[in-house]
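The values are calculated or read from the model by the stated rules, or taken from the named source; none is laboratory data. All of these numbers come straight from a predicted model, not from anything done at the bench. Cβ coordinates were reconstructed from backbone atoms using ideal geometry, including for glycine residues, and neighbour counts include every protein chain displayed.
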Amino acid sequence: MIKVIITGSNGLLGQSLLNLLLQDSTAYQVIGFSRGINRSGRDDFQYVSIDLTNSKLLEEHLLKLQPDFIINTAAMTNVDACENSKIACDALNVGVVKSLVAVVAQINAHVIHLSTDFIFDGAQGNYKETDIPNPLNYYGVSKLKSEEILKNATIDFTILRTILVYGKVFDMSRSNIVLWVKEMLEKKQEITIVNDQFRTPTYVVDLAKACKIAMDKRSKGIYNIASNTLLSVYEIAQQIAAVFELDASYIKAISTSTLNQTAERPMKTGFDLTKTKKELNFYPKSFSEDLQRFKENGVK
Ligand SMILES: NC(=O)c1ccc[n+]([C@@H]2O[C@H](COP(=O)([O-])OP(=O)(O)OC[C@H]3O[C@@H](n4cnc5c(N)ncnc54)[C@H](OP(=O)(O)O)[C@@H]3O)[C@@H](O)[C@H]2O)c1
């Protein structure tokens, strides 16, 4: 039996991982760490209510539980909030990784950590795992710092970088691009979407699968996880309208220069998935195929 701790088990990826790993309760003993009450809608796993930035408490729990794997999904993911609250951002996105590394060195666990396309400046696009990062905003800086901590440590780790994650789980603290566009179009409200930023969005069910594959294979190093076709955010919204059979005329294209966002965003990201396909045997599909599956799966 593999003992796995999922940090941020109340989050989008955290809950998706619970749903995936608990399908095989003979193989995995799953423990969720998140703040406040358990909001996953499940009670068939051990839940620890914890503020992960409390390093002493985190250490105590980890030493007691002695996990084989820690999948670190918890993060401050609101890019503008990270820009405005750098100390809080660092405490979670960097400080927790430092704490994990310090304890993991004592208990010999493997850390699977989530990172982002926002470590890149978006000048080039289609990034390989080996490309040189150059974050434009503090969220990206904090995630790059977290990667550096792992790379400089002498522990087993996997970094899964991902892009624009969407999906639906039981009780969500925040929305995502697909749910938001769908909701606005259902309400027949006009939305303005940038047509000059490019992404390869990621279905959370696939991201959870990739975490499981990395764990099962004990793969180490950095892997890119996203869908396989680069689209503008405007095209992404158009495809959401098409798959959910909603009126796309409410979607208006705008350019990034007309937005006044606190944190700068990279214009063109997207990942080269060659290493992921070859080493993880994980073959991402197109956004429209993933969206169709999401529609059929409903909340899964
Ligand atoms: N979402 C994306 O588009 C995206 C893109 C690239 C990379 N990533 C990375 O993928 C990972 C998973 O993202 P996600 O979308 O699943 O994030 P999420 O839905 O925001 O989940 C994060 C979870 O961590 C919990 N948390 C926050 N602060 C905590 C604390 N101090 N102590 C304990 N728990 C805490 C949150 O609790 P509350 O629910 O109470 O807030 C939330 O449940 C993150 O590392 C993120 O950086 C995400």
_A102, sole failed condition from (1) part of a helix (DSSP H, G or I); (2) surrounded by fewer than 20 Cβ atoms within 10 Å (Cβ to Cβ); (3) free of Cβ contacts under 8 Å to residues at least 12 places away in the same chain_ = (3)
*In this structure, does D131 turn out to be more than 29 Å from I37 (Cα to Cα) and either among the charged types (D, E, K, R) or at pLDDT below 95 (or both)?*
yes
*asked:* Condition first: of a type in the set (F, W, Y) and either surrounded by fewer than 17 Cβ atoms within 10 Å (Cβ to Cβ) or in contact with a His (Cβ under 9 Å, 6 or more places away or on another chain) (or both). Now tell me which residues in segment 231-249 satisfy that.
replied: F244
*Which listed residue is hydroxyl-bearing (S, T, Y), surrounded by fewer than 20 Cβ atoms within 10 Å (Cβ to Cβ) and modelled with pLDDT of 95 or more, from S115, S85, S142*: S85
*Specify which of the listed residues (K182, K187) is buried (at least 17 other Cβ atoms within 10 Å of the Cβ), at pLDDT 95 or above and out of contact with any Asp or Glu (no Cβ under 8 Å at 6 or more places or on another chain).*
K182
*Of the residues that make up segment 194-205, is at least one away from the ligand (no atom under 15 Å from the Cβ) and in a loop (DSSP other than H, G, I, E, B)?*
yes
*Among (1) away from the ligand (no atom under 12 Å from the Cβ); (2) of a type in the set (F, W, Y); (3) free of Cβ contacts under 8 Å to residues at least 40 places away in the same chain, where does F69 come up short?*
(3)
*asked:* Report every pair of residues separated by at least 6 positions or lying on different chains whose Cβ atoms are under 9 Å apart, first residue within segment 213-224 and free of Cβ contacts under 8 Å to residues at least 40 places away in the same chain, second surrounded by fewer than 20 Cβ atoms within 10 Å (Cβ to Cβ) and of a type in the set (A, V, I, L, M, F, W, C).
replied: D216/I2; D216/A27
*Under 8 Å between Cβ atoms, at least 6 apart or on separate chains: pull out the pairs that start in segment 39-64 with a residue that is touching a residue at least 60 places away in the same chain (Cβ under 8 Å) and end on any residue that is more than 14 Å from the ligand (Cβ to nearest atom).*
R42/L22
*In this structure, is I177 of a type outside the set (G, A, S) and away from the ligand (no atom under 15 Å from the Cβ)?*
no
*Within the group K188, K182, K209, which residue is more than 12 Å from the ligand (Cβ to nearest atom), more than 23 Å from V79 (Cα to Cα) and in a helix (DSSP H, G or I)?*
K209
*Mind listing whichever residues of segment 147-168 are within 14 Å of the ligand (Cβ to nearest atom) and of a type in the set (K, R)?*
R161, K168
*List every residue pair whose Cβ atoms sit under 6 Å apart, with the two residues 6 or more apart in sequence or on different chains, where the first one lies in segment 265-288 and is assigned to a helix (DSSP H, G or I) and the second, anywhere, is acidic (D, E) and surrounded by fewer than 22 Cβ atoms within 10 Å (Cβ to Cβ).*
K275/E129
*So L92 fits all but one of (1) at positive phi; (2) within 12 Å of the ligand (Cβ to nearest atom); what number is the exception?*
(1)
*Considering only segment 65-82, state which residues are of a type in the set (S, T, N, Q) and surrounded by 20 or more Cβ atoms within 10 Å (Cβ to Cβ).*
N72, T73, T77
